[in-house]
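Peer 1: Sharing a structure below in structure tokens format, with a few things to ask.
The values are calculated or read from the model by the stated rules, or taken from the named source; none is laboratory data. This is a predicted model, so every value here is computed, not measured. FYI the Cβ positions are ideal-geometry reconstructions off the backbone, even for glycines, and counts take in every protein chain you see. These area figures cover heavy atoms from the full protein model, side chains too; ligands, DNA and RNA do not enter into them. Shrake-Rupley method; radii C 1.70, N 1.55, O 1.52, S 1.80 Å.
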Amino acid sequence: MPTQPTNDEQPPPKSERKNLLLGAVMDVGRVEVAQLAADFGVSQVTVRKDLNELEAQGLLRREHGFAVVGSSDDMRTRLAVNYPVKQQIARAAAEIVGDGETVMIESGSVCAILAEELCTNRRGVTLITNSAFIADFVRKIPQSDVLLLGGAYQPESQVCVGPLIAAMTEKLYVDKLFVGIDGFTPRTGFTGRDVMRAEAVRRMARSAERVIVLSETRKFQRRGAVQLFETAEVSEVFTEGPLETEVLADLHSHDVTVTQTHL
């Protein structure tokens, strides 16, 4: 949760405040309106107006005295949180992909923006993904070329998982796999929330020379429920930064290249 502004600080403007409000609710799932008002240094009336607008957009729902996220896996909601930051990360990552390249992209909001960036600004790029959301997200871009991996469908996250992922990727070979994460600590490595999705992304990684993580800085020093990768299994990290000294040192000690976009 954000810290309460001091007497010398002004509350953030409305557009920024709404984005921060949504991020705060996404982080914990359910937050009191009074707590949000105190954290952001504004009145409860102001917070309720912001929350009503976010609810009208389908990004969260209101309960008596509380704001509640509808689904932490809903991709439209996740895209709306810190969109400019995610776009900056995606654009930086797109710089390492050339025209005519085939890459794998796993589900995630930053990954979806990366897919859009590649389809819009690269020629002849082919995307291999297990995300039905990403396939739909780029479908109206004329030069989009997508191979959608099949499997057991998870409707909230709109991804395919299960043993068919392994069968479909067994004979595929790419240089880069881009993935999102839900957490990282030096002790646990890179982590996620869903066991089936974690298994799917590990299967996809077997067909890639390099695993590249795209994540907001706030995901570092959190821990997900299941490990995605040991730290040394990842080649690069793209984030807005700056990362904490301990985290950055651990990544570098495992030869992970870190790009911090510093928005």
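Peer 1: Round to a whole number: what % of the accessible area of the chain belongs to carbon and sulfur, probe 1.4 Å?
Peer 2: 48 percent
Peer 1: To the nearest 20 debye, what is the magnitude of the charge dipole of the chain about its Cα centre, counting +1 on the Cβ of each Lys and Arg and -1 on the Cβ of each Asp and Glu?
Peer 2: Computed about the Cα centre, the dipole is about 600 debye.
Peer 1: For GLU233, GLU116, give me the order by solvent-accessible area with a 1.4 Å probe, most accessible first, ignoring ligands, DNA and RNA.
Peer 2: Of GLU233, GLU116, the descending order of accessible area is GLU233, GLU116.
Peer 1: Which label marks the calculated value of P(r) over Cα pairs in 10 Å bins from 0, in percent, given the options (1) 6, 23, 30, 23, 13, 4, 1; (2) 7, 29, 34, 21, 8, 1, 0; (3) 7, 31, 36, 22, 4, 0?
Peer 2: (2)
Peer 1: Could you work out how far apart the two model spin labels at ARG223 and ARG91 are, taking each label as a point 7 Å from the Cα in the direction of the beta carbon, and quote it in nm?
Peer 2: 3.7 nm
Peer 1: Cα gyration tensor of region 14-70, axes a ≥ b ≥ c as square roots of the eigenvalues: rounded (a/c below 1.5), prolate (a/b > b/c) or oblate?
Peer 2: rounded
Peer 1: Sort LYS140, LYS49 by accessible area with a 1.4 Å probe, largest first.
Peer 2: Reading off the accessible areas and sorting them downward yields LYS140, LYS49.
Peer 1: Simple spin-label model, 7 Å along Cα-to-Cβ: LYS14 to ASN52 in nm?
Peer 2: 1.2 nm
Peer 1: What ranking of MET26, MET104 comes out by heavy-atom accessible area, probe 1.4 Å, highest first?
Peer 2: The ordering from most to least exposed comes out as MET26, MET104.
Peer 1: Kindly count the pairs of lysines across the chain whose alpha carbons are less than 22 Å apart, treating pairs on different chains or eight or more residues apart as eligible.
Peer 2: 9
Peer 1: Counting heavy atoms of the protein chains only and a 1.4 Å probe, report the per residue accessible area for region 158-235 as a whole number of Å².
Peer 2: For region 158-235, the per-residue accessible area is 44 Å².
Peer 1: With a Förster radius of 35 Å, plug the Cβ-Cβ distance of ALA34 and GLU246 into 1/(1 + (r/R0)^6) and report the FRET value to the nearest 0.05.
Peer 2: That pair, ALA34 with GLU246, gives E of 0.55.
Peer 1: Would you mind getting the accessible area per residue of region 14-70, heavy atoms of the protein chains only, 1.4 Å probe, in Å²?
Peer 2: Value returned for region 14-70: 48 Å² of accessible area per residue.
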